[in-house]
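**Q** If you scroll down you'll find the structure; I have some questions about it.
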Amino acid sequence: MHIPFINLRLQYESIRTEIDEAIQSVFRDAQFIGGEPVKKFEEQFANLFGMPHCISTGNGTDSLFIILKALDIKTGDEVIAPAFGCMPSAEVISLAGANPVFCDVDPNFYTLDPEQLQKKITAKTKAVIAVHLYGQAAPLTEIKKICDERGIFLIEDCAQAHLTRDDEGRLAGTVGIAAAFSFYPTKNLGAYGDAGCILTPNADLAEKMRRLRNHGALVKDDHELEGMNSRMDTLQAALLSVKLKHLVAGNARRAVLAQQYATQLSNLPQVQLPQERSGSTHSYHIFCIVTEQRDELKNYLAEHGVETLIHYPLGLPFTPAYRHLLLAEKEFPVTHRLQHQVLSLPLYPELKREQVTCVAQLIRQYFS
Ligand SMILES: *Cc1c(COP(=O)(O)O)cnc(C)c1O
């Protein structure tokens with residue numbers, strides 16, 4: 001038996017005709033940067049969220065970086081990011097010249113802890129990057145209130161949270177000053193290569209971000225400012241328009257399988273299951289369990305043909321890239337514990353119910 005962590009081949013097979021047609025159409029038109037497919041995808045994505053502006057980009061990391069640049073975040077500024085999460089949500093801060101300030105996460109939901117956040121704010125704090133980790137919405141109401149009171153920008157990292165809703169029923173990506181999305185192939189909405197986008201309610205920011213992603217120009221040679229090259233390929237845009245039609249169904253299937261895991265793994269005292277904030281919806285980009293016997297369980301599952309991953313094996317303050325900040329483990333107790341205890345189980349729309357049962361049975365067997 002082999003249950004891979006993800007199988008993108010199965011996904012392609014399930015929509016092959018539509019994807020192949022979209023590829024043919026882009027090649028027939030022979031326009032590979034910009035053009036109608038990019039405009040169309042931006043409109044479709046913005047409409048799906050009820051947002052006025054969608055700016056497509058080369059990837060999710062660039063989306064975050066472009067947001068920081070558009071907000072004029074620069075040397076001397078501080079930006080707060082979760083200590084538990086992935087590199088892109090933090091590295092863009094230094095890349096913009098500012099200083100990353102890490103904040104510990106909530107032990108139940110693994111998103112920014114608003115109480116800790118309060119303590120991290122200084123006179124230099126310009127923005128907070130709230131990451132909707134694993135597809136669970138960060139507590140946007142509390143975080144936004146703190147940001148508004150202190151005059152700080154709220155930026156949402158929605159790379160794992162396509163169509164996640166927070167506990168007030170709002171779509172993740174519609175609450176902050178701007179939100180970054182990634183369409184990395186394994187994300188809930190994934191391209192066949194790198195791609196990303198930004199949502200914002202603000203027209204001036206939207207125009208600036210359109211310039212930043214294209215050498216400072218909206219049209220050829222109109223360089224009003226310095227920018228970069230981070231455009232979404234025409235081909236990826238055309239493919240994403242096809243895949244967008246399957247996003248709701250894909251998320252629904254993930255939710256069904258997540259519920260099945262939850263049922264079949266219930267009453268196991270050694271395992272903490274993902275929890276959903278009441279009223280919210282989880283997009284289940286990642287189904288993450290927390291257990292003290294993480295490494296042993298991971299090995300046991302591997303021996304039985306089940307591939308699992310660890311998101312993430314080191315809290316950001318403890319990675320070599322941030323060693324120079326000399327951050328103490330005791331400042332981030334939840335992050336420090338989670339890095340040793342989190343385990344991501346296979347979960348994707350093409351996974352079969354029998355496979356979920358099989359993984360769950362192996363886990364119960366391990367703990368019995
Ligand atoms: C994937 C991811 C990113 C980066 O997206 P890329 O498209 O790979 O650059 C940023 N933040 C989070 C939380 C992610 O999961």
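**Q** Quick one: which residue in Lys352, Lys298 is without any contact (Cβ under 8 Å) to a residue 24 or more places away in the chain and closer than 23 Å to Thr186 by Cβ? Steps first, answer last, please.
**A** On the way: Lys298 fails: without any contact (Cβ under 8 Å) to a residue 24 or more places away in the chain.
Just one listed residue meets the conditions, Lys352.
For (1) out of contact with any Phe, Trp or Tyr (no Cβ under 7 Å at 6 or more places or on another chain); (2) assigned to a loop (DSSP other than H, G, I, E, B), each residue gets a yes or a no:
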site	(1), (2)
Asn267	yes, yes
Pro274	no, yes
Lys298	yes, no
Leu301	yes, no
Arg323	yes, no
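**Q** Which numbered condition in (1) over 24 Å from Glu207 (Cα atoms); (2) acidic (Asp, Glu); (3) touching a residue at least 60 places away in the same chain (Cβ under 8 Å) is the only one that Asp157 fails?
**A** (1)
**Q** Kindly provide the set of residues from the range 85-133 that are within 12 Å of the ligand (Cβ to nearest atom), farther than 18 Å from Asp148 by Cβ, of a type in the set (A, V, I, L, M, F, W, C) and crowded, with 23+ Cβ neighbours inside 10 Å, ordered by number.
**A** Residues satisfying the conditions are Ala90, Val92, Val131, Leu133.
**Q** For residues in the range 161-185 being in a strand (DSSP E or B) and more than 18 Å from Phe287 (Cα to Cα), which is farthest from the ligand (Cβ to nearest atom)?
**A** Applying the first criterion (in a strand (DSSP E or B)) to the range 161-185 yields 165, 171, 178-182.
Cutting the leftovers down to more than 18 Å from Phe287 (Cα to Cα) gives us 171, 178-182.
Details: Leu171: 16, Ala178: 14, Ala179: 11, Ala180: 7, Phe181: 8, Ser182: 3 Å.
Taking the candidates together, the pick is Leu171.
**Q** Looking at Met232, is it at pLDDT 95 or above, touching a Lys or Arg at 6+ places or on another chain (Cβ under 8 Å) and either closer than 25 Å to Leu189 by Cα or among the hydroxyl-bearing types (Ser, Thr, Tyr) (or both)? Please lay out each step first, then the result.
**A** Details: at pLDDT 95 or above: yes; touching a Lys or Arg at 6+ places or on another chain (Cβ under 8 Å): no; either closer than 25 Å to Leu189 by Cα or among the hydroxyl-bearing types (Ser, Thr, Tyr) (or both): yes.
Answer is no for this residue.
**Q** Would a scan of the range 186-195 turn up a residue that is part of a loop (DSSP other than H, G, I, E, B), closer than 23 Å to Gly35 by Cα, away from the ligand (no atom under 16 Å from the Cβ) and not basic (Lys, Arg)?
**A** no
**Q** Okay, next question. Go through the range 45-64 and give me each residue that's within 16 Å of the ligand (Cβ to nearest atom) and in a helix (DSSP H, G or I). If you could, list the steps in order and put the result at the bottom.
**A** As a first pass, look at the range 45-64 and keep what is within 16 Å of the ligand (Cβ to nearest atom): 45, 54-64.
Residues satisfying the conditions are Phe45, Gly60, Thr61, Asp62, Ser63, Leu64.
**Q** Across the range 243-259, what is the total count of residues that are more than 19 Å from the chain's Cα centre (by Cα) and buried (at least 17 other Cβ atoms within 10 Å of the Cβ)?
**A** Residues meeting the conditions: 1.
The values are calculated or read from the model by the stated rules, or taken from the named source; none is laboratory data. The structure displayed is predicted, hence computed values, not measured ones. No Cβ is skipped: glycine too gets one built from the backbone with ideal geometry, and neighbour counts run over all protein chains shown.
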